[in-house]
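Here's the structure we're looking at; comments come further down.
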Amino acid sequence: MAALEFLPKEYGYVAFVLVAYCFLNFWMAFEVGKARKRYKVFYPTVYASESENKDAKLFNCVQRGHQNSLEMMPVFFMLMILGGLRHPCASAGLGCFYIVTRYFYFKGYSTGDPQKRLNIGKYGFLALFGLMGCTISFGVDILRR
């Protein structure tokens with residue numbers, strides 16, 4: 001444990017938020033699996049073709065909601081991990097807010113109307129910008145030493 005003494009005690013919150021996002025991701029993957037059965041889109045097909053499946057748009061919206069969350073995961077994780085070193089509580093709070101917005105992003109997308117992903121999901125970028133600020137603050141703090 002001596003190797004972790006440089007971390008602020010509150011950094012544990014950052015770790016818990018990162019795990020919470022993993023659980024959200026697992027849930028979204030499960031929802032895509034259910035959509036595969038419901039709309040008859042079998043592996044290895046990633047996206048359904050509208051010429052072959054009347055429910056292609058519905059399935060593709062579920063798949064795309066999960067895919068977009070996977071695409072954003074490295075950015076979110078990097079900002080959480082680095083920004084949390086300087087501002088663990090703020091980063092954890094912003095991370096929780098981001099997770100909530102990603103849930104609504106996915107639920108909105110899964111309706112089959114892609115615009116509904118933005119009703120609440122669009123506010124996730126506020127959390128990311130806040131995390132960017134935490135990470136910039138961390139970088140400035142390191143450079144000032």
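A few remarks follow.
- Looking at segment 1-77, the chymotrypsin sites (Phe, Trp or Tyr not before Pro) that sit in a DSSP loop and have at most 10 other Cβ atoms within 10 Å of their own Cβ are 6, 42.
- When the Cα convex hull of the chain is projected onto planes of every orientation, the mean area is 10.1 nm².
- Placing unit charges on the Cβ atoms only, positive for Lys and Arg and negative for Asp and Glu, gives the chain a dipole magnitude near 340 debye about its Cα centre.
- Most to least packed among 83-90, 48-55, 67-74 [average Cβ atoms within 10 Å]: 83-90, 67-74, 48-55
- Cα-projected label distance for residue 143 with residue 42, points at 7 Å along beta-carbon direction, nm: 5.6 nm
- Helix 11-39 and the longest principal axis of the Cα set of the chain meet at an angle near 0°.
- Per-residue ellipticity at 222 nm from helix content only, as computed over the chain with -39500 (n - 2.57) for each DSSP H run of at least four residues, stands at -25500 deg cm²/dmol.
A short reminder: the numbers here are calculations on the coordinates, not readings from a lab. As the structure is a computational prediction, the values presented were derived from the model and not from experiment. FYI the Cβ positions are ideal-geometry reconstructions off the backbone, even for glycines, and counts take in every protein chain you see.
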